[in-house]
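Encoded as structure tokens, the structure appears first; notes follow it.
Throughout, read-outs are computed from the coordinates displayed, never taken from laboratory work. Computed from a predicted model, the values in this text were never measured in an experiment. Cβ coordinates were reconstructed from backbone atoms using ideal geometry, including for glycine residues, and neighbour counts include every protein chain displayed.
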Amino acid sequence: MNRIILAEDDPFLMKMCRSHLEFEGFSVTLARDGAEAIALIDKEKPDILLLDLLMPKVDGFGVLQHIKDKGYTFPIFLLSNLSVEITPEQLDEFGVLKCFIKSELELEELAKSMRKIAGEKAKAVA
Amino acid sequence: MIPQAVLAQRQPSLLPAFEKFEKKENEKKKKLNKSAKSRSMHEKDTAAEANAFLQTIVGSISEGIIVQSRSGLVFANKYAARMCGFDSVEEYLSATPAKIMERFELLSEDGSPYPLSNLPNRRVLAGEKVTEPVTVRYRVKATGEEFWSVIRSEPVHGPDGEVLYALNVFHDITKEKRQERLSNFINKASAVLSSSLDHRVIIQNVSDLVVPDIADWCGVTLMRDDGTLDPVSVVHFDPAKVRWAIEYREKYPATRESSPSTFRIIETGKAELYKTITNEMLEAGSQGDPQRLKVIQELGMCSAMAVPLTARGKTYGVLSFVSAESKRQFDETDLSFAEDLGRRIGIAIANAHLYQEARDALDEQFTTQEALKRSEYQYRLLLERLPVGAYTCDAEGRITYFNPQAEAVWGRAPKLNDLSERFSGAFKIYSSEGSLIKREESWMAKALETGHSYWGKETVLERPDGSRITGLTHISPIHESGRIVGAVNIFVDITKLKRVEQAKSEFVSLASHQLRTPLTAVRWALDALQSERAGALTEFQREMVADAAKCSLHMSETIATMLMISRIEADDLELEIADVHIAELLGEIHSEQKPMFHRRQQSVSFECSDDLVIPTDRKILKEIATNLVSNAVKYTPKNGRIRISARREGNHFWLEVEDNGYGIPKDQHDRIFTKFFRAQNVVLKEKEGTGLGLYLVKLLMDLLKGDISFVSEEEKGTTFRVQISPIAA
């Protein structure tokens, strides 16, 4: 219960995030753009998806629509630095658990949320 | 003996009697031829009889007959004596010619003195052959009466052919002449009455005609609307007397007491004749003022008449005639003429008033029409010159006018007054969301239906070439007499503005992303370093990393604040109203700020009842509260005290953030809500402030339509007070 797909186009953020999560014991697969994220998801559904909104080729909304169309169900967290936030209705529509504002996010807080979801999932499976 | 010819001309009915008498005399003569004594006696009897018969016949002739010799009158009938102002024939015959002439003024028809030598009787006695009758006008000095006579004179020859007598017949044509004069006057007056539509001019001109032919004084008094009298004109042939009369009237204005007859005539509409003006009348007019009486008496008024000026049932005033110097005496004939003149003047005044009313109405209509034309012209000009599109529709939505700018925006010129092009000249209309709008559902159609104005409505207009523009429309219906007669639409092309707004919004979004993303990377890297996941740090390294982390946080906060301010200023922030649980909100802020006030060892208290809920925008309220609490923590020294409280009072929500920190210097109170302001007393103490926090708070308070105030004293602390009225969701 520790496979995370991290879809983030910024190399520095991607590196920092992966580093911290792997330090926390998660297995992190990277996708540099929305198209890569869709391909990875279709190949092997993750335990948790960390999805950046602003990405080249296919943006975060495109990926969410693909997931919805496919009917995939796995925990999704959005990462955004847009000045416009996502509305609660949009979160509900795509089954997003939370949207983190990267500039306000502590990596430790992110890791904490991942641990919590992973723990819940483990209990559910059990 | 009277020439038979004269008798035949003047009294043909007496001819048979005269012929009978003559025949009888001839028979008598024949019988008495033989005796001289008898003849003499008979002749005496005959003469006496003849004289008596003559007197009887001549006396019954209603014409003046006199027979005069060069030494005087030898015969006159009663009529002649009366015409000359004598009570009897005997008195008349005993008077000398000079005495007789003293009684008269002989005048020509035009009123100029008539030379005595021109009289036909004198000419006949002088041996002149006078075949034509002569018309003479004469005035009896004693009474002022005027008469006209046609005089015929025939010579009576003696046995040797010498003219012994002049036989004069005076035919009185006074009545006809007066009638003729009055008719002529009426004709002249009619011409004057129709020469002007100004009633004052009419009155003055007619009064001038009256004097001196009809009267010595002529005056017109009109009644004003307030019931007072207006002495419009007074005329006399002597200008000095006119001036006197005007001054007199100014000194003694006509009142009901002083001029009862004037008021009576106006009120009754009946004329009044004063054949002879008595002293009692003058005394009444002077109202017991002896000086005034003396003045009136000196005028020598002897006869007067006053007539109403009436027309169409209304009496406008009084026309007065007074005889003074001429001593003429007015009678019923004069009064009848005066009443006729009064009616004519009344009609002229009524017509003048009607004309003036019609003229005023026309002027007003003309002025209104001119004003309307001017107004229409100015309106058109205004619409033509507007830098934005404008068009008008009638009540059915047909386009009645559009300006050049509208045509430019539409990219076409719609058909005017055509039902197929109702409500808009655009090819197609869309909402701001992009859905097609039917013409019948457009804002113009709504305005014509409801009669309401619709301002600031965003609409997308499509041109025939497919290009689109975004317009902001302002539609106002036009009402007339309580019904909608049309509407005007002024619309502004805001396409560029929208693009700019969108570009700004995109820029802000992009800037937010592009600035925040690397900062996030920096912060996460510093976090990693600080947590020593990347390896242990020396003390010095730890301090450096800590400083770098603080700077990066400061930069993040500044960017976040600036971006939010940009969004507010770009009108890009929409309120999301919902019930906000205040205790929960303050709890979140407490959690988020706890590391800070723990670090500074400050005591922070939150006071709020658990059931306090207000409808507002949660994010914005949290931003406000966070900024205020953050400021309180920042600007209160170590071990300081901060109190945050929230309560509800009626329909108002109060949030207070109180600290015992550095305070704000009094001379800087008026600047604390301005951009980048930081009070001088804290700049050196605290390096972390951006100077944007309170500016942002003020903007956000304006969005919520709330109010923010504060009290502060340097070195004592500051209390910020926020008041929000609950906003309906």
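See the values below:
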item	result
Long-range HN-HN contacts of residue B:173 with modeled amide H, under 5 Å	B:148, B:149, B:150
Mean ellipticity per residue at 222 nm, deg cm²/dmol - from DSSP H runs of n ≥ 4 across chain B, formula -39500 (n - 2.57)	-15000 deg cm²/dmol
Within straight-line cross-link reach of residue A:45, lysines at Cα separation under 18 Å, skipping those fewer than 8 residues along the same chain	A:68, A:70, A:121
Value of relative contact order over chain B, rounded to a whole percent, pairs C-alpha under 8 Å and six or more apart	5 percent
Relative contact order for the stretch B:445-521, counting Cα pairs under 8 Å that sit 6 or more residues apart, in percent	23 percent
Exercise: per-residue mean of other protein chain Cβ atoms within 10 Å, B:513-519	6
Listed pairs B:428/B:498; B:294/B:327; B:438/B:705 exceeding 27 Å between Cα atoms	B:438/B:705
Degrees, to the nearest 10: B:290-299 long Cα axis against longest axis of chain B	60 degrees
Inter-part distance where the stretch B:403-453 and the stretch A:30-65 are each reduced to a Cα centre, Å	46 Å
Per-selection metrics, the protein assembly as shown (Cα): Rg and Dmax in Å	62.4, 206
Listed peptides A:21-29, B:659-667 by packing density, highest first (mean Cβ within 10 Å)	B:659-667, A:21-29
Tilt relative to chain B, helix B:693-703 - C-alpha long axis, 0 to 90 degrees, to 10	50 degrees
For the stretch B:654-672 and the stretch B:308-335, distance of Cα centres in Å	98 Å
R0 of 30 Å, Cβ-Cβ distance residue B:719-residue B:579: FRET efficiency to nearest 0.05	0.65
Semi-axis lengths (Å, descending) of the ellipsoid that matches the C-alpha gyration tensor of the stretch B:468-573	56, 13, 8
Ranked list, fewest to most other Cβ atoms within 10 Å of each Cβ, for B:648, B:344, B:516	B:648, B:344, B:516
Degrees, to the nearest 10: B:36-60 long Cα axis against longest axis of chain B	10 degrees
Fewest-first sequence of B:655, B:107 by Cβ atoms within 10 Å of each Cβ	B:107, B:655
Sequence of B:475, B:624 once ranked by neighbouring C-beta atoms within 10 Å, starting from the fewest	B:475, B:624
Coordinate range along principal axes, alpha carbons of chain B, Å, largest first	206, 70, 43
Alpha-carbon centroids, the stretch B:115-183 and the stretch B:204-279: separation in whole Å	39 Å
Helix-only mean residue ellipticity at 222 nm for chain A, each DSSP H run of n ≥ 4 adding -39500 (n - 2.57), per residue, nearest 500	-15000 deg cm²/dmol
Chain lengthening between residue B:551 and residue B:96 when straightened (0.36 nm per residue, less Cα-Cα)	148.8 nm
Pairwise Cα inverse-distance average, inverted: Kirkwood Rh of the stretch B:132-219 (Å)	16.2 Å
The stretch B:198-213 - phi-based ³J(HN,Hα) in whole Hz, Karplus 6.51/-1.76/1.60, Gly and Pro as x	9, 5, 5, 5, 4, 4, 5, 5, 5, 4, 5, 5, 4, 8, x, 4
J(HN,Hα) series, the stretch B:705-714, from Karplus relation 6.51 cos²θ - 1.76 cosθ + 1.60, nearest Hz, glycine and proline x	6, x, 9, 10, 9, 7, 10, 8, 9, 4
